[in-house]
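Quick note: the coordinates plus some simple rules give every number you see, no bench work behind them. These numbers come from a predicted model, not from an experiment. Cβ coordinates were reconstructed from backbone atoms using ideal geometry, including for glycine residues, and neighbour counts include every protein chain displayed.
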Amino acid sequence: MGGFKSFEELTCWQAARELRLFVSKSIVPKFPKDERYALTDQIKRCSRSEGNNIAEGYGRFHFQENIQFCRIARGSLFETLDHGIIAFDENYISNEILEELKKLHNKTLLILNGYIKYLKSQKLK
């Protein structure tokens with residue numbers, strides 16, 4: 001597992017955590033109450049799913065399984081961004097908040113893709 005003692009040491013998990021915290025502190029509170037069981041629930045679930053899947057993949061011990069869970073995390077990452085765009089379109093969040101979400105999304109995506117590439121290289125050894 002590349003010498004990591006815990007998934008918490010993975011830079012991609014740390015980036016996913018940063019994004020999740022941004023969603024829960026800077027986006028979700030801006031939603032109206034009538035979105036509680038719709039957009040609020042969806043964006044919370046997919047932003048949590050990113051780190052959850054990185055952690056689950058880490059615990060799998062087989063490179064191919066780990067890669068698959070990272071791919072699922074990547075899908076959740078894009079879903080989070082899409083929900084952020086919806087929130088902007090519905091005038092729940094400002095353009096500044098959306099741009100910060102995009103910045104965190106792109107950072108996390110870059111790191112996650114690098115981790116997937118690393119796992120693929122380890123699988124070939």
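So which of ALA15, ALA87, ALA38 ends up being under 24 Å from PHE4 (Cβ atoms) and of a type in the set (Gly, Ala, Ser)? After applying the criteria, what remains is ALA15.
Looking across the stretch 59-70, the residues that are touching a residue at least 40 places away in the same chain (Cβ under 8 Å) and surrounded by 14 or more Cβ atoms within 10 Å (Cβ to Cβ) come down to PHE63, ASN66, ILE67, CYS70. The set of residues from the stretch 38-66 being of a type in the set (A, V, I, L, M, F, W, C) and more than 15 Å from the chain's Cα centre (by Cα) comprises ALA38, LEU39, PHE61, PHE63. So for the stretch 3-19 (the condition being surrounded by fewer than 20 Cβ atoms within 10 Å (Cβ to Cβ), aromatic (Phe, Trp, Tyr) and under 19 Å from ARG71 (Cα atoms)), does at least one residue qualify? For the stretch 3-19, residues surrounded by fewer than 20 Cβ atoms within 10 Å (Cβ to Cβ), aromatic (Phe, Trp, Tyr) and under 19 Å from ARG71 (Cα atoms): present.
Limited to the stretch 81-95, what total is found for residues that are among the small types (Gly, Ala, Ser) and within 15 Å of SER47 (Cα to Cα)? Number satisfying all stated conditions: 2.
Within the stretch 38-58, not a single residue is of a type outside the set (S, T, N, Q), touching a residue at least 40 places away in the same chain (Cβ under 8 Å) and surrounded by fewer than 17 Cβ atoms within 10 Å (Cβ to Cβ). Restricting attention to the stretch 100-123, the residues being hydrophobic (A, V, I, L, M, F, W, C) and without any contact (Cβ under 8 Å) to a residue 40 or more places away in the chain number 2. Cβ separations smaller than 7 Å between residues 6+ apart or across chains give the following pairs from the stretch 77-99 residues that are crowded, with 17+ Cβ neighbours inside 10 Å to residues that are among the hydroxyl-bearing types (Ser, Thr, Tyr): LEU77/THR108; THR80/SER47; ILE97/SER26.
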